[in-house]
Amino acid sequence: MRNISFFKRNTVLICILAFALSAVGCTDNSNSVSPDLENENITETVTEISEAEITEPAVTRKSISDIRTRTESVSDDLYSTVNDFSSAYEVKDGYYEINFLKDKEFQKKINDDIRFAMDSLKKYQSPEYTELASRSHSAEVMKTGGIVADIICRNGFLSVLLEYGYVEPFSRTQAGAYSVLLSDGDVHFDHAVTLNYELFSQTRVTDFSELFYSDSDWSSSVRIAEDYVYNDSVPYYAEEKPDMFTLDYIIYATEEGMAVARYNTYDLNLTLCSDMISSFYRDMSEVCENTADFKYDMFTESSLRTCDSCGQDYMYRQIDTSRFYSDDEIATFNAEIEKLYEHGFPGRQNHECFTYRTKTDTIVHYTPDQNMRNIGFNLWGCSDRENCTVYYDPDTYERLNVSAILGTDWKNYIVSPDTGSLPDLSNANPEYFVKLQYISSENTVKAEISADTESGNIIISVSVPSENINQKYLTS
């Protein structure tokens, strides 16, 4: 297997401490968290109800068995989630509470589970955890006395991790914090509880296999995914169903305490996580408030490389993992990126020996496949933190100026609310695209271009008929 370095990219890598406790919550052993019926004031008299008296069918929610049945009409390029996690939970009286479910009775049951789980953790409270909480980056962790939460909600599933022993990831909300920071398995806690739910059936998921389609072998799927992500660097494989888990990772015991192994991630190659129900789109607006649909990243970038001369690590951009590309396709793209670098493509020149340079950058590469899907152009692209983008020919790998893409008369199609206020643009020197989009329904290409003029740098907006565009790059 290739050595995948996805988790060592431009993210603050933090060594995490972890936890030891089996999942708790609802006190019974059933998976359903539907309301318990209260049979009060029942007499021996039975009143017979005729069919004519029933005016409408009883409303029943979906069952977990139906959800675990694989359907053919599923989307693999989108996922549904809570639109704003920062407002999707809060801390009340020292306890985390979610607040985004439409069914408030079900939401209350989940919050009761969270409260019960936090109470079970508090028996491990110690001055050490109080000290960690006092140095926390998060007001929530301070309010809970050091209990950190990780919340994952995707395509109808909700996971909540609660743990003692690690101060939360810097500059991240509690929602999904650890999912992006797990690195080579060296994530450790002291004590923890995991809670999982399927939201459409309102089921508490305590059986790990219920995260997978019923016609799949969960153990094979997890083993393959672990091999792919960690390249055998994690000394753990789920030979038995784990008791503690989330949508993305498994918690397991080690001699040092509790550690974490990732078996899933939103950008893992789909062939490796195709048995997971949460890998496929389900619109959560039916069960959740304030939801949104997001596109999966087509691939992830960036690897840390070590300079042979000075020994400093620096960022070297290449495609590391992909939800949509095979290993062979990734290798082809990386070979092309090397050719692009020879023509000035940004991504590897941010290092000088013995000179301090940040290990992270904000450059984003876009393959021709991505650009054809997103903006309607067959081009390589690269953008920076100011969203200025440069484009390269997919065959020659040469950098393209504005005229090479929009045509030589693009200045005739400048758009402005007040054309009289525009400076003389005859000698404008266009530098970058801020926006480029083919609107096929209007047969028009709209662009915003950063350009130097006699009046300084300005953004020029243009709307060019598609027949004027270089047809080599325009997607038909």
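The values are calculated or read from the model by the stated rules, or taken from the named source; none is laboratory data. Computed from a prediction, not measured in an experiment: that's the story for all the values here. We place every Cβ from the backbone using ideal geometry, glycine too, and count neighbours over all the protein chains shown. The protein model used for the area step is the full one, side chains on, heavy atoms only, and it has no ligands, DNA or RNA in it. Shrake-Rupley method; radii C 1.70, N 1.55, O 1.52, S 1.80 Å.
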**Message:** Whether any residue in the stretch 353-363 is touching a His at 6+ places or on another chain (Cβ under 9 Å) and at pLDDT below 90 is what I want to check.
**Reply:** yes
**Item:** Selection within the stretch 65-106 - at pLDDT 90 or above, outside any loop (DSSP other than H, G, I, E, B), open to solvent by 20 Å² or more (accessible area, probe 1.4 Å) and more than 30 Å from residue 373 (Cβ to Cβ)
**Value:** 90, 91, 92, 95, 97, 104, 105
**Item:** Qualifying residues in the stretch 408-422 (those that are modelled with pLDDT under 90 and of a type in the set (Val, Ile, Thr)) - the one most open to solvent (accessible area, probe 1.4 Å)
**Value:** 419
**Message:** Filter the stretch 444-458 down to the residues that are open to solvent by less than 80 Å² (accessible area, probe 1.4 Å) and among the small types (Gly, Ala, Ser) and list them by number.
**Reply:** 447, 450, 451, 456
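Do we have residue 389 as in contact with a Gly (Cβ under 6 Å, 6 or more places away or on another chain), of a type in the set (Val, Ile, Thr), surrounded by 19 or more Cβ atoms within 10 Å (Cβ to Cβ) and closer than 26 Å to residue 342 by Cα here? Please lay out each step first, then the result.
On the way: in contact with a Gly (Cβ under 6 Å, 6 or more places away or on another chain): yes; of a type in the set (Val, Ile, Thr): yes; surrounded by 19 or more Cβ atoms within 10 Å (Cβ to Cβ): yes; closer than 26 Å to residue 342 by Cα: yes.
Yes; evaluated as a whole, the condition is true for this residue.
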**Message:** Need the failing condition index for residue 334 against (1) at pLDDT 85 or above; (2) touching a His at 6+ places or on another chain (Cβ under 9 Å), just the number.
**Reply:** (2)
**Complete:** Per the filter on the stretch 305-333, residues under 23 Å from the mean Cα position of the chain (by Cα), more than 20 Å from residue 265 (Cα to Cα) and not charged (D, E, K, R) are 315, 316, 333
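Using the structure shown, decide if residue 405 is closer than 29 Å to residue 339 by Cβ, open to solvent by less than 40 Å² (accessible area, probe 1.4 Å), at pLDDT 85 or above and of a type in the set (Val, Ile, Thr).
Details: closer than 29 Å to residue 339 by Cβ: yes; open to solvent by less than 40 Å² (accessible area, probe 1.4 Å): yes; at pLDDT 85 or above: yes; of a type in the set (Val, Ile, Thr): yes.
Answer is yes for this residue.
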**Asked** Of the numbered conditions (1) under 31 Å from the mean Cα position of the chain (by Cα); (2) closer than 27 Å to residue 338 by Cα, residue 396 satisfies every one except a single condition; which is it?
**Response** (1)
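Open to solvent by 20 Å² or more (accessible area, probe 1.4 Å), modelled with pLDDT under 95, more than 19 Å from residue 392 (Cβ to Cβ) and in a strand (DSSP E or B): which single residue out of 461, 441 fits that description?
461
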**Request:** Among the residues of the stretch 302-330, count how many are in contact with a strand residue (DSSP E or B) (Cβ under 6 Å, 6 or more places away or on another chain), closer than 19 Å to residue 381 by Cα and either of a type in the set (A, V, I, L, M, F, W, C) or loosely packed, with under 14 Cβ neighbours inside 10 Å (or both).
**Result:** 3
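Report those strands (runs of 3 or more DSSP E) wholly inside the stretch 249-347 carrying at least 1 residues which are within 22 Å of residue 392 (Cβ to Cβ) and in contact (Cβ under 8 Å) with a residue 40 or more places away in the chain.
Working: elements: 249-254, 257-262, 291-295, 299-306, 313-322.
Per the criteria, 299-306, 313-322.
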**Given (1) within 27 Å of residue 323 (Cβ to Cβ); (2) out of contact with any Cys (no Cβ under 8 Å at 6 or more places or on another chain), index of the condition residue 392 fails** = (2)
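Can you find a residue that is polar (S, T, N, Q) and under 29 Å from residue 77 (Cα atoms) anywhere in the stretch 373-382?
First, the residues of the stretch 373-382 that are polar (S, T, N, Q): 374, 378.
Those left that are additionally under 29 Å from residue 77 (Cα atoms): 374, 378.
Checked against the condition, which is being polar (S, T, N, Q) and under 29 Å from residue 77 (Cα atoms), the stretch 373-382 yields at least one hit.
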**Prompt:** Looking only at the stretch 147-193, which residues are of a type in the set (Gly, Ala, Ser) and modelled with pLDDT of 85 or more?
**Reply:** 149, 156, 159, 192
**Message:** Let me spell it out: the conditions are (1) buried (at least 21 other Cβ atoms within 10 Å of the Cβ); (2) of a type outside the set (D, E, K, R); (3) modelled with pLDDT of 85 or more, and residue 124 meets all of them except one. Which number is the exception?
**Reply:** (1)
